[in-house]
Each structure stands twice: as structure tokens, then as C-alpha cells.
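**Student:** The following block contains the structure, expressed as C-alpha cells.
The values are calculated or read from the model by the stated rules, or taken from the named source; none is laboratory data. Since the model is a prediction, treat every value here as computed from it, not as a measurement. All Cβ positions, glycine included, derive from the backbone under ideal geometry; neighbour counts span all protein chains shown.
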């Protein structure tokens, strides 16, 4: 399906109910609940935007009234967290969940959410909607980008993942951030824009240029260049990128591919700090969002609770408690586990077709001991003594003569 076709489909479906979760046994009875939860509350959306900008303004004021570097760092961290929150709300606008009028939905999103972070709502939509419609296929732009990058090969040890996050926060991934911005800043929307007349395209470009001209002029006039550089631009290319990596990995990395309930991950009980920085506006309920993208963020918690009454969802949905929590289940521990469906695939692959990476994973399964970092317990991986012997036999067969 082309980008244009996907855009047209999104425009048609945005005001209807996308019952992707209807394939769950017993989910049909929830249709009235989903329909009600999909209604937009303008004041809740606007209040969320206002809150995020209020925190940003307060953080700027706090830093500019202090010469303490620690205060400036705390302000930068708070701002990066709200930058993330703005992008989460832009994601809502991508699904037309801010206001019903599509033109005003995109205009509000661009002015207050997307353009301040150098991306466009239309550009992100052109990349994001195929991800929803074609998850884990060749037509999923997010998956095709990540599958060839070594840092997105899972399982990944907790130590290696934390090193990646630290490098992001220190600016080592700045060029990757530029490439990501290129994906979401308008280049991906050209096919969609071809359907619009030249006058409309020109008006959109002029509007965006005028926006930045006014913004840069105001920054210069009020002498805010240094604070904006240190508290807005720098965090956007360092701390924000680290936050986005954690969230991105939490959503779709080291997940199952055999069932809708395994292809995305919910983080159901983030800590207060995680909620502030990593999971604003219920973004941790990503599986629930993929099942029912018509439901705006302020109703996702309600739908998650309703879905818990469906035995299949309660028992089989991929969920963890926190991102980095020391107790309960966490994203950090979950991404280091070898999943059952991956081992099954390895066991049914001809020994002579195993890649070096796959060989390493098979060896990891057989060598790890329960309780250690990345341990693969029998209850987690579904391996019994027979399966262990089969894996050992396959390793021997795959060894070069």
C-alpha cells in the first residue's frame, strides 16, 4: 500500500473506530466501551499541551535565575522530559486525536508540538501509519530501519543497553538524531503532498518558514540565544535521544511475532520518575494503543483495565511493570531474555543455515544459568532437557569440520 493510500485510509478511519483488538476472543462485547473511549475531550488535550509548556517555561525561569550548573542540568532534564511529552502528543495528532477537524488538528500539532522540535506532523504520519498497518513487515518503515542496525539486535545484555543509552545522553548519537529528524521533518510526506495543489504546498512552506523566522527573531530580540541553545537545542540532541531510545526499545524490541498480544509491550506501573520522563501521557501502554489506536491517551488506562477482563489479554499480553525498576518485571530485564518463539525458530532452522549471530544465541541459551544476568529459565524459554540436548546437537552439527 502506498503512502498516499495509507494517508487516505487514515483520513477515512480517523473518525471511526479502529477495532484492531476485535480479533481478541470476547473483545466484541467491549465495542461500546471502545466507541465511548474514542470520543475526544478537547480540554484534556489542550490541558496536556498547556501543562507541558508550563513545565518548560518554569524550567527555563529556574535556570536563568541561577548560576548553579546543577540547577541548569536539572532544568535541562526536565525540559528533555517535556520535549518527549510534546512528541507523544504529536503522535496523538498523527492519529487525529487532538481535535476532530483534520486541518486544525495538524495546525495545532505543528505550531505547539512538532515544529518546536524541528519535525512535522505530516512527515511523522507518513512514516508512522505504515508502522501500524504493516507491523514487522517490509512495509513497516520503523522495522526496516532498525533490523539492519546492530544496536537493535536482541536479546541485548543489560550492560550493553545502558552503555548505548549513556552514549546517546552524552551526544555520541547526534548524527543518528539528524537522520531521524530527516525522516520526520517532511521528506517522507512528499508522495502525500503530491495530491495537494501547488498553492497549498507553497502555503505550508511559507507558514513554516514564517514560524521559524518569528521564533528566531524573538529569541534574538530578548537575548535568549544561549539559554535556548543550552536548555532546548542541546537536550533535544542528547537527553531526548536517550529517552527516545528507551521508549522505542520498550515498545517493540525483543518481543514476540506470533500473536498480536506479543508484538508490542505495555509498561503498566512505571515509577514516578519514569512517568515524568519516559512515560508521559500514558505512552507506556503501547500494546493497548496498537490494539485500539482510535482511543486518545487520556482513556488508554481505562481501556487497559477493561481488557484485563478478557482472559486472553490478561494472560498473554506482553507487559512489564517498569522500565528500570529494581522490583517486579522491567524492560531492562525483558530485553535481555531469549524468547520462546525465537528459540523455536532456531530449533527448526537447518544447522548449516545458522548465522554466526544465531549460533551465539543458541550457545547463550545452553550456557546461561538461572539467576544470572540475561538468565533464560525453563519457565521463560520453554526449554526442557530434550530441547537442551537438541540445541547441543545442532551446535555440534553447525561447527565447521
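**Student:** Looking at segment 272-279, can you tell me whether even one residue there is more than 17 Å from residue 89 (Cβ to Cβ) and buried (at least 23 other Cβ atoms within 10 Å of the Cβ)? Break it down stepwise before answering.
**Tutor:** Taking segment 272-279 as the starting set, the residues that turn out to be more than 17 Å from residue 89 (Cβ to Cβ) are 272-274.
Filter once more, keeping what is buried (at least 23 other Cβ atoms within 10 Å of the Cβ): none.
Scanning segment 272-279 turns up no residue that is more than 17 Å from residue 89 (Cβ to Cβ) and buried (at least 23 other Cβ atoms within 10 Å of the Cβ).
**Student:** Kindly evaluate residue 291 against the criterion of being buried (at least 21 other Cβ atoms within 10 Å of the Cβ), modelled with pLDDT under 95, under 22 Å from the mean Cα position of the chain (by Cα) and in the same structural domain as residue 100 (by TED's automatic domain parsing).
**Tutor:** Against the criterion (buried (at least 21 other Cβ atoms within 10 Å of the Cβ), modelled with pLDDT under 95, under 22 Å from the mean Cα position of the chain (by Cα) and in the same structural domain as residue 100 (by TED's automatic domain parsing)), residue 291 qualifies.
**Student:** Assuming residue 105 fulfils every condition listed in (1) outside any helix (DSSP H, G or I); (2) without any contact (Cβ under 8 Å) to a residue 24 or more places away in the chain; (3) buried (at least 22 other Cβ atoms within 10 Å of the Cβ) apart from one, which condition is it?
**Tutor:** Condition not satisfied by residue 105: (1).
**Student:** Given (1) assigned to a helix (DSSP H, G or I); (2) modelled with pLDDT of 95 or more; (3) surrounded by 17 or more Cβ atoms within 10 Å (Cβ to Cβ), where does residue 30 come up short, assuming only one miss?
**Tutor:** (2)
**Student:** May I pose another question? Of the residues 118, 73, 154, which is surrounded by fewer than 22 Cβ atoms within 10 Å (Cβ to Cβ), on the phi > 0 side of the Ramachandran plot and in the same structural domain as residue 200 (by TED's automatic domain parsing)?
**Tutor:** 118
**Student:** Same structure, new question: Taking the residues in segment 315-329 that are within 23 Å of residue 163 (Cα to Cα) and surrounded by 15 or more Cβ atoms within 10 Å (Cβ to Cβ) as candidates, determine which candidate is modelled with the lowest pLDDT.
**Tutor:** That would be 325.
**Student:** If you don't mind, another one. Scanning for something in contact (Cβ under 8 Å) with a residue 12 or more places away in the chain and part of a loop (DSSP other than H, G, I, E, B), does segment 49-63 turn up at least one residue?
**Tutor:** No, because not a single residue in segment 49-63 is in contact (Cβ under 8 Å) with a residue 12 or more places away in the chain and part of a loop (DSSP other than H, G, I, E, B).
Residue-wise test of (1) surrounded by fewer than 21 Cβ atoms within 10 Å (Cβ to Cβ); (2) assigned to a helix (DSSP H, G or I); (3) at pLDDT 95 or above.
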residue	(1), (2), (3)
229	yes, yes, yes
234	yes, yes, yes
257	yes, no, no
300	no, yes, yes
313	no, yes, no
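**Student:** Surrounded by fewer than 17 Cβ atoms within 10 Å (Cβ to Cβ) and in a helix (DSSP H, G or I), is that true of residue 137?
**Tutor:** no
**Student:** Let me spell it out: the conditions are (1) modelled with pLDDT of 95 or more; (2) under 30 Å from residue 60 (Cβ atoms), and residue 248 meets all of them except one. Which number is the exception?
**Tutor:** Only one criterion in (1) modelled with pLDDT of 95 or more; (2) under 30 Å from residue 60 (Cβ atoms) is unmet by residue 248, namely (1).
**Student:** Being under 19 Å from residue 246 (Cβ atoms) and in a helix (DSSP H, G or I) is true for just one of 129, 156, 162. Which residue is that?
**Tutor:** 162 is the lone residue from the list that is under 19 Å from residue 246 (Cβ atoms) and in a helix (DSSP H, G or I).
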